[in-house]
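Undergrad: I'd like to ask you about the structure that follows.
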Amino acid sequence: MGNRLTQEAVCNQLWAMGCRRYEFMLHNEYMDDRIMRGPWPLQTAMKSVGFMTVKGWDCYNVHVRPDPAENRALVMVDDIDWTGVQTLAEEGFEPACVVETSWKNLQCWVDLGPAPMPPAERLNSARHLAETARGDLRAAASIHWGRLAGFRNLKDGHFDKGLKWGWPFVLCRQSRGMVCSKAEEERERAAKEVAEEVARIAGRPVRRRILRSGLPDVCRKAEQFCAEWLRRIRDQNKTEDLSRRDYAVICRLMLDGCSDSQIMEGMDPIVKRENKAGIREKHKTCLPRTISVVENDLFGTASSAELQAGD
């Protein structure tokens, strides 16, 4: 059954998330092995805590998400601190659940009500809340894997972040389990924006077109698109958000016929240069994930790069 503290942490988080069923993923990064379980209701999940505990001590990270078939109006905001949590609460998006994945690094689940919510609208809300809390925009998704409290965070680079334990334990810091006060307003805003976006892109191609020859130098093209984006943002006096820059530039490259590998070839030198200058981090994982999100947004199909689980 797992020890009492693990049982309590899992129960608090799943109760606060308030789903009818949950899916679980146990991921061993060192062996590149994934074990999928569920969808399970809360009672069945609690009976499996012992199995997950054994796997957790065998170097498996444990992740959870709502059952996709449920279309639960539950949005996760990744990679924020307590200031971000406070900002969400002040804006009327009080988290139903707050999980500390490592020292001062949080994931928040925000409940937008019991009625089902279409994936496109959940994605829109995820981006809006991530922007509000200054979270990871690249992790914003219609449904996302989050870490399950009670288990260790074995992500590469996190060793010694757990004080005397070495690897940090994932902790359920808040389990409010309530719908946020601005749920209805947020759902209306997301539905309106999605409808406007659908109307705007109605003329775009429904199938992705990849040109395998005759493309200009993709690195030069990526640099050009980045420079144009920067000029436009500065002219509008907007914040220079690199996540939004990557998304916009990858959109243009993809619509111009560049393949995933060509986009990586064009964007990788730019991102590595910014990484070396200390402007950004994690350049090895953010590009494949952003490419996958862009392809899904433009053409409704995910690319071969799978969305990565959160921190």
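Readers should treat all values here as calculations from the given coordinates under stated rules, not as data from a laboratory. Because the structure is a prediction, the values reported are computed rather than measured. Neighbour counts are summed over all protein chains in view; Cβ atoms, including those assigned to glycine, are modelled from backbone coordinates with ideal geometry.
Undergrad: How far, in nm, would the chain grow between GLU223 and ASP241 when pulled straight, counting 0.36 nm per residue and subtracting the alpha carbon separation?
TA: Using 0.36 nm per residue and subtracting the Cα-Cα distance, I get 4.9 nm.
Undergrad: A further question on this structure: Using +1 at the C-beta of Lys and Arg and -1 at the C-beta of Asp and Glu, which of ALA195, GLY84, PRO66 has the Cα lying farthest in the positive direction of the dipole of the chain?
TA: The residue sitting most towards the positive pole is PRO66.
Undergrad: Give, in nm to one decimal, the length gained when the segment between SER48 and ASN3 is fully stretched (0.36 nm per residue of separation minus the Cα-Cα distance).
TA: Length difference between fully extended and current span is 15.0 nm.
Undergrad: Under the rule of at least 5 residues apart or a separate chain, name every residue whose amide H is placed under 5 Å from the amide H of ARG152.
TA: Counting only residues 5 or more places away or on other chains, the set is VAL170.
Undergrad: So how tilted is helix 242-255 from the main axis of the chain? Cα-based, degrees 0 to 90, rounded to 10.
TA: Result, in degrees: 60.
Undergrad: To continue, here is another question. Per residue of segment 126-139, in order, report the coupling 6.51 cos²θ - 1.76 cosθ + 1.60 (Karplus, θ = phi - 60°) as ³J(HN,Hα) in whole Hz, putting x for Gly and Pro.
TA: For segment 126-139, the Karplus-derived couplings read 4, 5, 5, 6, 5, 5, 4, 8, 6, x, 7, 5, 5, 8 Hz, x marking Gly and Pro.
Undergrad: I would also like to ask the following. Can you tell me the relative contact order of the chain? Whole percent, Cα pairs under 8 Å, sequence separation 6 or more. Walk me through the numbers on the way to the answer.
TA: Working: 543 pairs, mean separation 52.6, N = 311.
Relative contact order of the chain: 17 percent.
Undergrad: Once label points are set 7 Å from the Cα along Cα→Cβ at both GLU29 and TRP15, what is their separation, rounded to one decimal in nm?
TA: 3.2 nm
Undergrad: What does the charge add up to near GLU94, with Lys and Arg as +1, Asp and Glu as -1, over the other residues with Cβ less than 15 Å from its Cβ?
TA: Result for the local shell: -3.
Undergrad: Tally Lys and Arg at +1 and Asp and Glu at -1 over the other residues with C-beta under 12 Å from the C-beta of GLY177: what net charge comes out?
TA: -1
Undergrad: So how many Lys-Lys pairs in segment 75-200 land under 22 Å Cα to Cα, not counting same-chain pairs under 8 apart? List each step's numbers first, then the result.
TA: Working: LYS104/LYS155; LYS104/LYS161; LYS104/LYS164; LYS155/LYS164; LYS182/LYS192.
Lysine pair count for segment 75-200: 5.
Undergrad: What's the angle, to the nearest 10 degrees (0 to 90), between helix 4-17's Cα axis and the longest principal axis of the chain?
TA: Around 50 degrees separate the two axes.
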